[in-house]
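Okay, structure first, notes after.
The values are calculated or read from the model by the stated rules, or taken from the named source; none is laboratory data. What you see is a predicted model; the values in this text were computed from it and never measured. Quick reminder, even Gly has a Cβ in these numbers, built from the backbone with ideal geometry, and neighbours come from all protein chains shown.
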Amino acid sequence: MSISWRDLIRSNKRILATQETQVQAIRGGRHDPLTGLVSRRLLNEATARRFFAGEGMALVLAQLSDFGAFRAAQGDSVADDVLKTAAHRLRTTVNCDPEHISRLDGDTFAILTTGSQVDVVESVARAVTCCLAEPFPAAGQLFEIAVTCGIAIAPDHANNTDNLARAAQTALEQAKTARETAWRFYDSGLEATRVATTELKNEFAAALAAGDIVPYYQPVVDLRTGKTVKLEVLARWQHRTHGIIAPNIFIPMAESLCLTGAVTTAMLEKVSRDAVSLPNDVVFGLNASPDQLRDIIALLTDPGTRPRGSLSPERLEVELTERALNEDIDVVREVMRSLQAVGTRVVLDDFGFGASNLYHLCELPFDGIKSFKGLAMGMLGDMRAVACFAAMVELGHTLGMEIVATGIEDVTTLEQLMGLGCLYGQGYLFSRPIPACDLAESFERSEAKRLAMAG
C-alpha cells in the first residue's frame, strides 16, 4: 500500500501538532518535563475539584529512599532513567487515572485515589510499592531502591487541598522514621510528633554546644575469657526535659543542620577523656555515616584537631554503615585506606542485612565483620540460621577477618556461637549500653568473670 505525499504531509502535521501541544503543556507548567506526569498544580486542581464536589479520596505520597545519595553516586543520567521508569510503572500498573499521578520533586510521587475506603486505598499503596520495588534497569545494571509511602484520606484527615498534602507528608515522615511497613496512614498523633521533632531540632545546636550529646558504651567481649576487649561508642542526647534521646531521632537533625562534623568532634573528645581511666588495650568502635568519615580522618591526622587524651588512632575502630556503602565504592575504598594508614581498623557493620553483602567484602579491604544482630537472635531452634552463621564465621576466618557476633541475649546462643568458632560477641547477655560513669564497675565485673573462667 503506497502513501501519497498529501497523506504524509497530513501525518507530519499531526505529529508536529501533538509535539507542540506537549511542549506547550510543559511550558505552561502542566506536566513534568522529565517524566511526563502531571504537575503539582494540575494535581492540586483535581484535588480541589473533588473537595468541592464532596467526593472522598486519598493522597498517597511515594518517596524513593536515599535518592539524593543514589544520584550523587550514579550520576544524573542513571538517576533520570530510574525516575522515568518509575513514572512509567506508576502510569501502567496502578489502577488510577493517569491525570491523578504526579511527580512532586526529585524523588517523590503523588497518587490521588478516587475512593476513600481503606481497603481500596491500601490496594493502591500496595500496587505502588510493588511496582517500585522491582529492580530498575539503567546503564546496563539493575538497581534496587526502597520506597516508602505516606497516606492521608479525605475528608477523615483533611478538609482542603493544603491540609491533605500536609497530612500525607506527615505520614510519610513517620513511615520513614518507623521503618516498620512500606506505608503508613496519617494519625492525628503524628502531627504532634512532627511538632515535637521540630522543637527538638531547634534545640539541637544549643544542646551540642552545651555538651549534652554524650557517648554511651556497649562492651564487646572475648567469648573465651569474658574479658571486655572493645567498647562500641553510641551517641545519646541527654535532654534536660525528655531524658535520653536515641540517635535515630537526633542524627537526622544533625545532618540537616550540617553538624555531623561537630558531633563527631564532640564524641571523640569525650571518648578520649573517658579512655584515660581504662586499660590501654581497649579499642573503641565508632559507627560512621558517610558525612562523618572524612571528619574522622581529619581529626585523627591533624595534630591541631586530634582529641586530647588517650585515644590514639590505633585505639579506634570505624564501623561502616549500610548508608556509607551506598556511596561511590572507589571513594569509600580511598577513605578506608586513609584510616588504615594511620592505624585505625575498619569493619563491616550489620553483615547479613541490607547492602552489607559479599560484594563489599570482595571489593573493600575490611579488617573485620560485625554480624547483623538478627542472625544470632534467630539461631534458637533454627538450624538454617545456625548454618548461615557458621558459613559467615568460616568466610571471615578464611579472609583473615575478625568476627564479632552481635545480638547475644542468652547463654544457649552464646554456647552455639562458641561452638561455631566465633571468638567475640556483643549483646544484652553481657551488658546494655552504659554511660561513662558506669565503665569502671563494668570492667571490674568483666575482670572478675575472666578470672573465674581462667580458674
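Here is how the numbers come out for the structure above:
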{"item": "Members of the range 159-170 that are buried (at least 16 other Cβ atoms within 10 Å of the Cβ) and at pLDDT 90 or above", "result": "Thr161, Leu164, Ala165, Arg166, Ala167, Ala168, Gln169"}
{"item": "Conditions (1) part of a helix (DSSP H, G or I); (2) of a type in the set (S, T, N, Q); (3) surrounded by 14 or more Cβ atoms within 10 Å (Cβ to Cβ); number of the one not met by Gln238", "result": "(1)"}
{"item": "In the range 56-88, the residues that are buried (at least 17 other Cβ atoms within 10 Å of the Cβ), of a type in the set (S, T, N, Q) and part of a helix (DSSP H, G or I)", "result": "Gln74, Thr85"}
{"item": "Of all residues in the range 406-455 being without any contact (Cβ under 8 Å) to a residue 60 or more places away in the chain, outside any helix (DSSP H, G or I) and among the aliphatic types (A, V, I, L, M), the one that is surrounded by the most Cβ atoms within 10 Å (Cβ to Cβ)", "result": "Ile408"}
{"item": "Phe109 being farther than 24 Å from Ala46 by Cβ, at pLDDT 90 or above and either out of contact with any His (no Cβ under 8 Å at 6 or more places or on another chain) or surrounded by fewer than 17 Cβ atoms within 10 Å (Cβ to Cβ) (or both)", "result": "no"}
{"item": "Qualifying residues in the range 192-233 (those that are part of a strand (DSSP E or B) and polar (S, T, N, Q)) - the one farthest from Ala448 (Cα to Cα)", "result": "Gln218"}
{"item": "Enumeration of residues in the range 119-161 that are assigned to a helix (DSSP H, G or I) and more than 26 Å from Arg41 (Cα to Cα)", "result": "Asp119, Cys130, Ala133"}
{"item": "Count of residues meeting criterion [at pLDDT 75 or above, among the hydrophobic types (A, V, I, L, M, F, W, C) and under 21 Å from the mean Cα position of the chain (by Cα)] in the range 186-197", "result": "0"}
